[in-house]
1. Of all residues in the stretch 34-71, which are assigned to a loop (DSSP other than H, G, I, E, B), of a type in the set (Gly, Ala, Ser) and under 13 Å from the mean Cα position of the chain (by Cα)?
2. Could you tell me which of the residues Ala33, Ala37 is at pLDDT 95 or above, over 16 Å from Ala100 (Cβ atoms) and exposed (fewer than 14 other Cβ atoms within 10 Å of the Cβ)?
3. Given the structure, is Pro80 of a type outside the set (D, E, K, R), surrounded by fewer than 21 Cβ atoms within 10 Å (Cβ to Cβ), at pLDDT 95 or above and farther than 21 Å from Ser63 by Cα?
4. For the stretch 87-131, which residues satisfy the criterion of being open to solvent by 70 Å² or more (accessible area, probe 1.4 Å), of a type outside the set (A, V, I, L, M, F, W, C), closer than 16 Å to Thr51 by Cβ and more than 13 Å from the chain's Cα centre (by Cα)?
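The values are calculated or read from the model by the stated rules, or taken from the named source; none is laboratory data. Computed from a predicted model, the values in this text were never measured in an experiment. Quick reminder, even Gly has a Cβ in these numbers, built from the backbone with ideal geometry, and neighbours come from all protein chains shown. Ligands, DNA and RNA are excluded from the accessible area calculation, which covers all protein heavy atoms including side chains. Shrake-Rupley method; radii C 1.70, N 1.55, O 1.52, S 1.80 Å.
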Amino acid sequence: MKYLTALFALLFSSAFAAQVATVSPKEAAQLVAEGKAVLIDVRELSECAETGVAAPAVLLPKSDFDGSQKLWKEFLGKNPDKQLILYCRSGRRSGAVAAALAAQGHPVANAGGFKDWEAAGLPVRKVEPAK
């Protein structure tokens, strides 16, 4: 029975996540440059400080989305009509947040991981660690 429950959960989460569009880093950069989208890094600030972030990215950690949503609520209130393009380290966390945002009716896409942004040769910037 545990096996069937786990299999159902996996299939359901995969089907739900499939509803979120995927965009390449270059497509994301183009949409942001055209003013049609906002790029969001959902990693924690400590991770961003270690690696840097995509130059146009807004930093909104998944932990805030999963918790109080203080930062997310403020951001979403200021950007009601923009497509939200999310990324993280590998694409998994951004996919989970994107699926939840899509379920709330937000136009959203997943751009995968920061490593993909770097590999595409797109601009990055440094982030100061939290004090």
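1. Selection gives Ala57 alone.
2. None of the other options fit; the residue is Ala33.
3. Values: of a type outside the set (D, E, K, R): yes; surrounded by fewer than 21 Cβ atoms within 10 Å (Cβ to Cβ): yes; at pLDDT 95 or above: no; farther than 21 Å from Ser63 by Cα: yes.
Answer is no for this residue.
4. Across the stretch 87-131, the qualifying residues are Lys115, Glu118, Pro123, Arg125, Lys126, Glu128, Pro129.
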